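Here the structure is laid out as structure tokens; the discussion comes afterwards.
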Amino acid sequence: MIDQEKAPEGANQTGAQTSTTAKKNTPQIRPLASRHARILKALLNGPQTREQIDRAGPVSNGPAYIADLRQRGLNILCCRRRFTNADGQVCRPGIYFIDESSRPLALSLLRASLAG
């Protein structure tokens, strides 16, 4: 049996160099696109229907932009309400709002967008 040599200082088992300084585990906050920022501002002002989100963007698929914001770590909730439309049909439109726990992240994202 052959004795293995001790790996040089700062190298892992494969011999690749490793960093001696620990990387910070804080996520980097990237600036939002303009449409996302406008939608986020609207949500910070209060609950918004899908139509209001579309106008705030302005976008034609507000739920897709909400999904993008959720991927950034924001907890955006949707409450469905019972509503009778102009044709007398019952529908259940959603109303989006930001959970209070996500407000600090939302403000950080907007600040990064203004600075970037």
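The values are calculated or read from the model by the stated rules, or taken from the named source; none is laboratory data. None of these values were measured; they are calculated from a predicted model. As a convention, Cβ positions derive from the backbone with ideal geometry for all residues, glycine included, and neighbour counts pool all protein chains shown.
Which number in (1) assigned to a helix (DSSP H, G or I); (2) at pLDDT below 95 marks the one condition that A64 misses?
Answer for A64: the failing condition is (2).
Do you know which residues across region 26-54 are in a helix (DSSP H, G or I), surrounded by 15 or more Cβ atoms within 10 Å (Cβ to Cβ) and either of a type outside the set (A, V, I, L, M, F, W, C) or at pLDDT below 95 (or both)?
R35, H36, R38, R50, Q52, D54
Kindly indicate whether P58 is modelled with pLDDT of 95 or more, more than 23 Å from P104 (Cα to Cα) and assigned to a loop (DSSP other than H, G, I, E, B).
The answer is yes for P58.
Across region 67-101, what is the number of residues that are in contact with a strand residue (DSSP E or B) (Cβ under 7 Å, 6 or more places away or on another chain), under 15 Å from N45 (Cα atoms) and outside any loop (DSSP other than H, G, I, E, B)?
6
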